[in-house]
Ligand SMILES: C[S@@+](CC[C@H](N)C(=O)[O-])C[C@H]1O[C@@H](n2cnc3c(N)ncnc32)[C@H](O)[C@@H]1O
């Protein structure tokens, strides 16, 4: 998914306020499970939420993109960061909190795969633990015919990322065009990202099948909502 652009991930998403998002997660945990001590961030990417979670929790992370994990390892040198697929992983221990943020769950290619991911995350929860999943957009909120552009300018690195988006059934497909310029070279490449528009009912079913009770906070961290499961 981010295979060609992994080295640009933090620059492209520099608009995200990871500290504020981590603080909102912390508020939820303090309200619902104040004795929580350990946290696993699934699909942790470059580790930018974990960087803030480490102030409060004993942390671990998991992602299936080795290049993003390499960046996370430099950011968090003493933190266990696992290479693994969220639909099928087993770390041999449990956590008080498991998070899966920034719509990473939308990359699951089918309802069955999303169910498997929620079940695998739920298996890693200790009794009383919390599973916090930030979903991809609700199908009813999807807007057709969009074009998006992201521009970042650093002294010796300029990046433009432009994409249209298309929906076929419950699948949204993004073709990202990157233009990456340094004083020596300007490069163009494309990357395809597919994300599934799972419904509220499908997310709820996944949590219930995984043996969790579930609430939905419609605002969430950035307006996409947040599923809060309890074991
Ligand atoms: C939009 S990024 C979010 C990364 C990070 N949570 C953040 O907030 O910056 C989506 C992440 O999901 C990861 N991912 C997607 N499918 C996955 C899978 N099946 N197993 C593990 N990680 C996955 C990608 O590698 C990527 O790091």
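We did not get these values from a lab; they are worked out from the coordinates using the rules stated. Being a predicted model, the structure only gives us computed values, none of them experimental. Quick reminder, even Gly has a Cβ in these numbers, built from the backbone with ideal geometry, and neighbours come from all protein chains shown.
Some observations on this one:
- Mean separation of Cα contacts under 8 Å, 6 or more apart, over the residue count of region 1-102: relative contact order %: 30
- On the principal axes of its alpha carbon atoms, the chain extends 54, 42, 28 Å, with the longest extent given first.
- Antiparallel %, DSSP beta bridges [both residues in the chain], to 5: 70
- The slack in the chain from residue 140 to residue 75, taken as 0.36 nm per residue of separation less the alpha-carbon distance, amounts to 19.7 nm.
- Label zone at residue 218, where the point sits 7 Å out along the Cα-to-Cβ direction: region 143-180 residues whose backbone N lies under 16 Å: none
- Region 48-94: Rg to Rh, with Rh as the Kirkwood radius over Cα pairs: 0.95
- A Gaussian network model of the chain, with springs between Cα atoms under 10 Å, assigns the largest mean-square fluctuation among 205, 184, 17 to 184.
- Taking region 125-180 and dividing mean pair separation by its residue count, relative contact order in percent (alpha carbons under 8 Å, at least six apart): 25
- Sequence-separation-based contact order of the chain, relative, with Cα cut under 8 Å and 6+ spacing, percent: 17
- Considering region 97-219, its Cα convex hull presents a mean projected area of 9.6 nm².
- Cut-off 16 Å (backbone N to label point 7 Å along Cα→Cβ of residue 153), residues of region 180-201: 180-183
- Inter-centroid distance (Cα atoms) of region 31-68 relative to region 106-154, Å: 16
- Between helix 66-75 and the chain: long-axis angle, C-alpha atoms, 0 to 90°, nearest 10: 80
- In the elastic network of the chain, a GNM with C-alpha springs shorter than 10 Å, the most mobile of 151, 208, 98 is 151.
- Each residue, residue 185 and residue 15, gets one label point 7 Å from its Cα in the Cβ direction; the gap between the two is 2.8 nm.
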